[in-house]
1. Tell me the per residue accessible area of segment 72-120 using a 1.4 Å probe; a whole number in Å² is fine.
2. What is the local net charge at V48, summed over the other residues whose Cβ is closer than 9 Å to its Cβ (Lys, Arg +1; Asp, Glu -1)?
3. Count the net charge of all other residues whose Cβ sits under 12 Å from the Cβ of V75, scoring Lys and Arg as +1 and Asp and Glu as -1.
4. Given Cβ point charges of +1 (Lys, Arg) and -1 (Asp, Glu) and nothing else, what value in debye, to the nearest 20, does the dipole of segment 29-143 about its Cα centre take?
Amino acid sequence: MIGSDAYPGSRPLQRGGRYHLGRPQSPPIRSGRKRHLITDILGLVLAVLVTAANVHGTTGGKLLLNDLAETHPSVSKVWADGGYQNSIFNHGAGLGIDVEVVQRPRAKGFEPLPKRWVIERTLGWPMQHRRLARDYEALPQRSRMVIHWAMANKVSRELTGESAPTWRIKTDIPLTSA
């Protein structure tokens, strides 16, 4: 599954820095980033790319497919939503990866897209970590590293059977002071 989401920056950037009566003349620009992810069918991350928020999903998708073909050559099929353009399908075919669009159902109302909910769930998991709720990192590479760290944390909690971080669990054991 391939998908992306944008998230806000930690502080607004000012345009030009001109003030009139203590107020900026033009509205501030919000900085932000976009996470592009490719996951397996369980929602485990195979490839991550962090870009500026104005980068189109298709551009990030092509870069992710390059990374996926390099690091996971056994992957032969990727599902995407209808927002990706034809160029990503052609790019995937050139790499030997079949990119298929998950079609929306014709029914009225909310209905999760088959297969597509896996990437949406995975995009939501990092939001449980404070450092990923906003873009606090100075470099996109650090944001990428923190996403990998958060996913490793998620997998380790799943393997150990913990449903919440241990600092949230109340115990009857009294605290000892050293």
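1. Details: 3350 Å² over 49 residues.
Each residue of segment 72-120 exposes 68 Å² on average to a 1.4 Å probe.
2. Here the charged neighbours net out to +1.
3. Details: positive: K77; negative: D40, D67, E70, D98.
Charge balance near V75 sits at -3.
4. Roughly 520 debye, rounded to the nearest 20.
The values are calculated or read from the model by the stated rules, or taken from the named source; none is laboratory data. Bear in mind the structure is a predicted one, so any value in this text is a computation, not a measurement. A quick note on method: Cβ atoms are made from the backbone with ideal geometry, for glycine too, and the neighbour counts reach across all protein chains shown. With ligands, DNA and RNA removed, areas are computed over all heavy atoms of the protein, side chains included. Shrake-Rupley method; radii C 1.70, N 1.55, O 1.52, S 1.80 Å.
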